[in-house]
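Data first, discussion second: the structure below is written as structure tokens.
The values are calculated or read from the model by the stated rules, or taken from the named source; none is laboratory data. None of these values were measured; they are calculated from a predicted model. All Cβ positions, glycine included, derive from the backbone under ideal geometry; neighbour counts span all protein chains shown. Keep in mind that these areas ignore ligands, DNA and RNA; they rest on the heavy atoms of the full protein, side chains included. Shrake-Rupley method; radii C 1.70, N 1.55, O 1.52, S 1.80 Å.
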Amino acid sequence: MKLQQLRYAWEVARHELNVSATAQSLYTSQPGISKQIKMLEEELGVIIFARAGKHLTHVTPVGQQILHKVGEILQHVEAIRRVSQEYRDEGTGELRIATTHTQARYALPPVIHQFTERFPAVSLHMHQGTPTQIAELAAHGEVDFAIATESLGLFSDLVMMPCYHWNRTVIVLKDHPLAQTERLTIEQLAKYPLVTYVFGFTGRSKLDEAFRQKNLNPRVVFTAADADVIKTYVRLGMGVGIVAHMAVDPVQDADLVKLDASHLFEASTTHIGFHRSAMLRGYMYEFMRAFAPHLTRERVDQAVGCHSRDEVAKLFASIELPIL
């Protein structure tokens, strides 16, 4: 059994059983990959990939179990590489982050700027996606950190730590009936078409829950994952916008009226997480502390030692998180 064979099997599964695409991504030949996988199956005495002629059709039940273990092995191999790199040069490497547009556009820029000035030899790679995509990237070891607010249940394999709380702002055109409202109510919002985040993005579940508690059905006429897109359609008169407070710029959005909505919706919490088996390098600890100052190296290591998400929550229960 060779590490290369395990990697080939893992990558074929990740490329939806497309051996040609796998070969292209690994800069090798399709026959070579097929041969190595066949040799692996012969050595193990089981079939990992069911076939119809020359085509792979699906992963067998035993193949699913094997590939799960292969994923863990490849993560450990990557951790070994990082250990050696850490001792060779702790200021050189890469940092891969998966997050949503709102975090990438509004919360992370000052942190990234500070980090790159301190660690100029570390290359940064940002992946934007849905909570599901972010969780998959982190679980498969394709990114170092996942930063998310929604769907934390998807991140069961990760150590997820709270960073900060945030709430929402309602935005309307200056001639909108709500523009002169001093204290907005949920009943007022329910009267108008709404433009907000796609469900599963940026605290959307808190918004829906607030209407549900009042037995109201919000009339959401347009959704997007990008706060800037939401603001664009508010400007077109499609409806009342609801976005993260951090996504409203006092200068660039001066043409819109901002209405506080923190009393209408329960605050959301943004978390940062990594795989429990990840090898954290020195600059990774520093990135977490730059993003959330209470995430000291000692506290992060304590979180890794927790056996459940409830234990992690207790660890941070006494800490007053900042509000953005």
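About its Cα centre, the dipole of the chain is roughly 460 debye, where the only charges are +1 on Lys and Arg Cβ and -1 on Asp and Glu Cβ. For the set K231/K314; K214/K258; K191/K258, the pairs lying more than 29 angstrom apart at their alpha carbons are K231/K314.
Need the full-extension length gain, L324 to R183, defined as separation in residues times 0.36 nm minus the C-alpha distance. One decimal, nm. Show your work: numbers first, answer last.
Numbers: separation 141, 0.36 × 141 = 50.76 nm, distance 2.03 nm.
Result for the pair: 48.7 nm of gain on full extension.
Computed from the C-beta positions of V46 and S20 and an R0 of 25 Å, the FRET efficiency is 0.55 to the nearest 0.05. Backbone phi angles across the range 72-82, fed through the Karplus curve with coefficients 6.51, -1.76 and 1.60 (θ = phi - 60°), yield HN-Hα couplings of 5, 4, 5, 5, 5, 4, 5, 5, 4, 4, 5 Hz in residue order; Gly and Pro are listed as x.
Derived from the Cα gyration tensor, the three semi-axes of the equivalent ellipsoid of the range 153-228 are 27, 14, 13 Å, largest first. Summarising the amide proton neighbourhood of V220: residues at separation of 5 or more, or on other chains, whose placed amide H is nearer than 5 Å comprise L194.
A viscosity of 1.567 mPa s and a temperature of 4 °C, combined with the Kirkwood radius over C-alpha pairs in the Stokes-Einstein formula, give the range 278-324 a diffusion coefficient of 113 µm²/s.
Helix-only estimate, please: 222 nm mean residue ellipticity of the chain, summing -39500 (n - 2.57) across DSSP H runs of length 4 or more and dividing by its residues, to the nearest 500.
Values: 12 runs with 133 residues, N = 324.
Result for the chain, helices only: -12500 deg cm²/dmol.
With a cut-off of 14 Å between beta carbons, the residues surrounding F291 carry a summed charge of +2, where Lys and Arg count +1 and Asp and Glu -1. Which of rounded, prolate, oblate describes the range 1-82, given a ≥ b ≥ c as roots of the alpha-carbon gyration tensor eigenvalues and a/c under 1.5 marking rounded, otherwise prolate only if a/b is larger than b/c? Judged from the Cα gyration tensor, the range 1-82 comes out oblate (a/c at least 1.5, b/c at or above a/b). Taken over the Cα atoms of the range 1-156, the convex hull encloses 136 Å³ per residue.
In this structure the amide hydrogen of R51, modeled in the peptide plane, comes within under 5 Å of the amide hydrogens of T57, none closer than 5 places in sequence on its chain.
A straight Cα-to-Cα reach below 20 Å connects K38 with the aspartates and glutamates E11, E16, residues fewer than 8 places away in its own chain not being considered.
Sorted from longest to shortest, the spans of the Cα atoms of the range 187-262 along the three principal axes equal 36, 23, 22 Å.
State the volume of the convex hull built on the alpha-carbon positions of the range 181-323, expressed per residue in Å³ and rounded to an integer.
153 Å³
Oblate is the label for the range 49-134, because the ratio a/c of its alpha-carbon gyration tensor axes (a ≥ b ≥ c) is 1.5 or higher and a/b is not greater than b/c.
Net charge within 12 Å of G71 by Cβ-Cβ distance, Lys/Arg positive one each and Asp/Glu negative one each, not counting G71 itself? Spell out each step's value before the answer.
Numbers: positive: R7, R14, K69; negative: E11, E72, E78, E136, E142, D157.
Neighbourhood net charge equals -3.
Using a Debye calculation, one point per C-alpha and no hydration shell, please list log10 I(q)/I(0) for the chain at q = 0.08 Å⁻¹ in order. Rounded to two decimals, the profile gives -0.48.
Helix 30-44 versus the longest principal axis of the chain: what angle, 0 to 90°, nearest 10, using Cα atoms? So the helix axis and the longest Cα principal axis differ by about 70 degrees. With all protein chains in place and ligands, DNA and RNA left out, the 1.4 Å accessible area ranks W10, W166 as W10, W166, largest first. Taking Cα atoms, how many degrees apart are the long axis of helix 3-14 and the longest axis of the chain, rounded to 10 and kept between 0 and 90? Once rounded, the angle reads 40 degrees. Summarising the label geometry, the points placed 7 Å from Cα in the beta-carbon direction at D175 and V77 lie 6.4 nm from one another.
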